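The structure appears below as structure tokens.
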Amino acid sequence: MYLGLSEAADFLKDCRDAVIIVHQSPDGDCIGAGFALKDILGCFGIRSRVECCDAFPSRYDYMTSVGCGEDFEPQTIIAVDIADTQLMGCLGEKYGDRVQLCIDHHISNTGYAEMTLLNGEASATCELIWELAREMGAEISEHCAACIYTGIATDTGCFKYDCTTANCHRIAARIIEDYDIGFAKINRSMFEVKSLGRIRMECRVIELMEYYLDNRITMICITKDIMEQMGVDSNDLEGCASLPLQVEGVEVGLMIKEREPQVYKISMRSAGDVNVSEICRTLGGGGHAKAAGCLLKGSIDEVKSILIETVGKAVCR
Ligand SMILES: [Mn+2]
């Protein structure tokens, strides 16, 4: 069942002892949404706890250092920014089939929750959290505002992707006007600062780039061996999926990451008119028109040839 904003707000005001699930490989939007919602529920005296199957990267400490919440037996299960129960990782088994409310902005949302607040036009789930907070009449704290700002900034690539809307600029403007969140510092740590290891890794990733169809498809393939050589894990590679889009003339950028033997996580990014959400859907995944993903099984050569064929068709259409 799909809910409107006011119905979702009513549900939240009446819920209690809520677990808020965020997706695996957590990013700024799901962490922001999870911790902002925790603050908002707290305004109404509702206990909640944020849960994720992976650890939160340290650059998000200013959001997560308040703590995930108390230990209690949950009465309410809420998922934020999660399009599919598979993206819950190990929490999927525990909570996947009993999510009461899902708050999301992925058009590919599978409708797994009992109730879903979905707006495919929202730049970030955090945009919906802001609107919910206002609908609920919550007192938005500075921490909550910083979380919401972060989610919008990170999902829009610092207000520059196609998904950036006038509305998300308005929300950011309100936050900058009313709160002292230190947005420049947030943006610097989200978009500019990289560890030395990261810089070295990006150099290696760029070295490994492969080019197809006159650079219209650009691909990076990272196996476990390479990760081991570089001394990084899958989390360290967050954001690398957009590196192939820097190549002049590229239409679709691909990053293949070995998850386990014969299992590869594919991140697809579009710099032009190709809808990568559609391509990923035909491959069993989903996402947004400009940024999507899927999981492919087989040998690395099989995976590459499936991708080049499928993406090649879309690029040459
Ligand atoms: Mn998001």
When you go through (1) crowded, with 17+ Cβ neighbours inside 10 Å; (2) more than 13 Å from the ligand (Cβ to nearest atom); (3) part of a helix (DSSP H, G or I); (4) not aromatic (F, W, Y) one by one for V19, which number turns out not to apply?
-> (3)
Are there any pairs, at least 6 apart or on different chains, whose C-beta atoms fall under 7 Å, with the first in region 297-308 and touching a residue at least 40 places away in the same chain (Cβ under 8 Å) and the second surrounded by 17 or more Cβ atoms within 10 Å (Cβ to Cβ) and of a type outside the set (A, V, I, L, M, F, W, C), and if so, which?
-> V303/Y264; I308/Y212
Every residue from region 172-182 that is buried (at least 18 other Cβ atoms within 10 Å of the Cβ) and either more than 16 Å from the ligand (Cβ to nearest atom) or more than 19 Å from the chain's Cα centre (by Cα) (or both) | I175, Y179, I181
Report yes if A138 is in contact with a Cys (Cβ under 7 Å, 6 or more places away or on another chain), more than 30 Å from L295 (Cβ to Cβ) and either away from the ligand (no atom under 14 Å from the Cβ) or polar (S, T, N, Q) (or both), otherwise no.
-> yes
Lone qualifier among C163, C147, C168 - being in a loop (DSSP other than H, G, I, E, B) and within 14 Å of the ligand (Cβ to nearest atom) | C163
Failed item in (1) assigned to a helix (DSSP H, G or I); (2) more than 11 Å from the ligand (Cβ to nearest atom); (3) touching a strand residue (DSSP E or B) at 6+ places or on another chain (Cβ under 9 Å), with L128 passing the rest | (2)
Is it the case that R49 is of a type in the set (K, R) and buried (at least 18 other Cβ atoms within 10 Å of the Cβ)?
-> yes
Can you find even one residue in region 88-102 that is assigned by TED's automatic domain parsing to the domain that holds N187, of a type in the set (G, A, S), modelled with pLDDT of 95 or more and under 16 Å from H288 (Cα atoms)?
-> no
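Okay, residues lined up against (1) under 22 Å from the mean Cα position of the chain (by Cα); (2) within 20 Å of K290 (Cβ to Cβ):
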| position | (1), (2) |
| --- | --- |
| K224 | no, no |
| G231 | no, no |
| N235 | yes, no |
| P244 | yes, yes |
| G249 | no, yes |
Which numbered condition trips up I186, out of (1) surrounded by 15 or more Cβ atoms within 10 Å (Cβ to Cβ); (2) outside the structural domain of D155 (by TED's automatic domain parsing)?
-> (2)
Scan (1) closer than 13 Å to A36 by Cβ; (2) in contact with a Lys or Arg (Cβ under 6 Å, 6 or more places away or on another chain); (3) of a type in the set (V, I, T) for the single condition I77 breaks and write down its number.
-> (1)
From the set of residues in region 85-107 that are within 13 Å of the ligand (Cβ to nearest atom) and surrounded by 19 or more Cβ atoms within 10 Å (Cβ to Cβ), which is nearest to S6 (Cα to Cα)?
-> I103
Is it true that Y112 is surrounded by fewer than 22 Cβ atoms within 10 Å (Cβ to Cβ), in contact (Cβ under 8 Å) with a residue 40 or more places away in the chain and more than 16 Å from the ligand (Cβ to nearest atom)?
-> no
Considering region 25-60, residues that are part of a helix (DSSP H, G or I) and either more than 15 Å from A145 (Cα to Cα) or modelled with pLDDT under 95 (or both), and then whichever is farthest from the ligand (Cβ to nearest atom), we arrive at S58
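The values are calculated or read from the model by the stated rules, or taken from the named source; none is laboratory data. Bear in mind the structure is a predicted one, so any value in this text is a computation, not a measurement. Glycine also receives a Cβ, built like all others from the backbone with ideal geometry; neighbour counts cover every protein chain displayed.
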